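A short reminder: the numbers here are calculations on the coordinates, not readings from a lab. Quantities reported herein were computed from a predicted structural model and do not represent experimental measurements. Cβ sites come from the backbone with ideal geometry, for glycine too, and all protein chains shown count toward neighbours.
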Amino acid sequence: MSADRPYIRISLARQVLELRNGDDRVLATYPISTAARGAGEQSGSYQTPRGEHYVRARIGQGQPANTVFVARRPTGEVWTPALGEQAPERDWILSRILWLCGREPGHNRLGQCDSMRRYIYIHGTADEHLLGQPASHGCIRMANADVIDLFEQVPVGTRVLIAEDDA
């Protein structure tokens, strides 16, 4: 891997996302929240898929922080605590979306385990107080400022490794 090609490594055990260069040097570390139901690849499991992925699409360029997305489209709303109180059970997708696609057929790509078809994203969240612990519905949640920072550093095609252990 080239030293100038960054990649993302997600540790489910530590609940952190690291942006690393091709020589495996950590460039940035962010607290995250992965699935409350643990790791798993099956469609409908509400678990975070493991293995090799890549960023299929970057969504939200130029949108304000806390922009609300539904079906990968900005709704025109900007999340506030008052808006959050109107729908306390909603899984808010905010600020930016990095849509992931699996690279491993039969594990996280194609069939009933396809990460892209499961709409697995790295995205901003209204539940920043839960970062550092599993709490999502399968996606990788980040603080809004952090996901915007990460978004600006990674192009489409960026490799993403989601690892259960911390090896």
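The table that follows gives values for the structure above.
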{"item": "Förster-model FRET efficiency, 35 Å R0, residue 117 and residue 152, C-beta, rounded to 0.05", "result": "0.80"}
{"item": "Antiparallel DSSP beta bridges within the chain, as percent of all bridges there, nearest 5", "result": "75"}
{"item": "Counting all C-alpha pairs of the range 7-163, share separated by more than 21 Å (%)", "result": "40"}
{"item": "Farthest positive-ward along the chain dipole, Cα basis, beta-carbon charges - from 70, 15, 112", "result": "112"}
{"item": "Cβ charges +1 (Lys, Arg) and -1 (Asp, Glu), total dipole of the range 7-163, debye", "result": "480"}
